[in-house]
Amino acid sequence: MSATHGHALSAVVALFLAIHAPLILAGDPPDLASNPVTGWVESVDIATDSGDRVRHAEDGPTALGGSDQLISTDAGISPRIACRADGQTWIVWWRDADPDQVHFRYRDASTSAWSDEGLVSESNEPGRHPELVIDGTTTWVAFETDDGLDTGVSVRAVTDSPEPFDTQVTIATTDFDGDVAVMIHAELGHLWVTWVDSPDDVGWSEYDHTGDIWALPQYEPYEGHFKVALEAIQAIVHGN
């Protein structure tokens, strides 16, 4: 991203937050995405005045400077948003249930209609703390699972086709009892997942598009500097 583009996007984000300040209540900050087709900044957060439901907002659709809409049918946690190159918007979040569940909805770019609410995680296995990224026309969701002993790092591809789900894959497990901080990244034709595997190591796995398989986990020491480890992993991935 050029410095000029970065400053322009920052200005748009600042304007969006100013317009929607009355909508954004206490709690986690909203997650933001710039829609490449409309040029509008879109966000998701939790509407604490509406039963902690997931709310989507955007800057631009009305003369008053924006609109907002409740997305989830029940209370949600930590929603995330991403926009495809064709303008389609995807949202994921998780629900404190028995078991915990990761849900999604997407908005069709041509009709502006939202899909029904769908389940990303397996119905019989806890899924929580999702992160998502767009890789071409595929939305990838990474999230934590729980087998009762260890935390699993799981990932699933979700599309807007009649058969939207690829098989859920658990690419690693860890007995680390801190914040696993699962993240998923897509850059320069590469797709990879990172997570905190221990107090000393960040785990990561890259997706092989040709073989349609996730590589065996590798580990990068971070010695308290999590960002440095992420940057080191990024450099390794880009060098492959």
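The values are calculated or read from the model by the stated rules, or taken from the named source; none is laboratory data. Computed from a predicted structure; not experimentally measured. A quick note on method: Cβ atoms are made from the backbone with ideal geometry, for glycine too, and the neighbour counts reach across all protein chains shown.
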(Q) Can you say whether Ala157 is under 15 Å from the mean Cα position of the chain (by Cα) and among the small types (Gly, Ala, Ser), as far as the supplied structure shows? (A) yes
Q. Hey, does segment 79-87 have a residue that's outside any loop (DSSP other than H, G, I, E, B), among the basic types (Lys, Arg), surrounded by 19 or more Cβ atoms within 10 Å (Cβ to Cβ) and free of Cβ contacts under 8 Å to residues at least 60 places away in the same chain?
A. yes
(Q) Suppose we filter segment 93-108 for residues that are within 19 Å of the chain's Cα centre (by Cα) and assigned to a loop (DSSP other than H, G, I, E, B); how many remain? (A) 3
Q: Would you mind finding the one in Ala47, Ala97, Ala57 that is farther than 19 Å from Met183 by Cα and out of contact with any strand residue (DSSP E or B) (no Cβ under 6 Å at 6 or more places or on another chain)?
A: Ala97
Q.
Going residue by residue through segment 73-91, is there one that turns out to be under 27 Å from Phe176 (Cβ atoms) and of a type in the set (D, E, K, R)?
A. yes
Q. Which is of a type outside the set (Lys, Arg) and at positive phi, of Gly76, Gly189, Gly127, Gly152?
A. Gly189
**Q.** Index of the failed condition, Asp98 passing every other in (1) without any contact (Cβ under 8 Å) to a residue 24 or more places away in the chain; (2) touching a Pro at 6+ places or on another chain (Cβ under 6 Å)
**A.** (2)
Q.
What's the total number of residues in segment 134-161 that are surrounded by 19 or more Cβ atoms within 10 Å (Cβ to Cβ) and outside any strand (DSSP E or B)?
A. 0
Q. Considering Val133, Val182, Val193, which residue is under 21 Å from Asp96 (Cα atoms), among the aliphatic types (A, V, I, L, M) and under 12 Å from the mean Cα position of the chain (by Cα)?
A. Val182
Q: Could you grab me the full set of residues in segment 162-172 that are within 26 Å of Glu117 (Cα to Cα) and either surrounded by 13 or more Cβ atoms within 10 Å (Cβ to Cβ) or modelled with pLDDT of 90 or more (or both)?
A: Pro164, Phe165, Asp166, Gln168, Val169, Thr170, Ile171
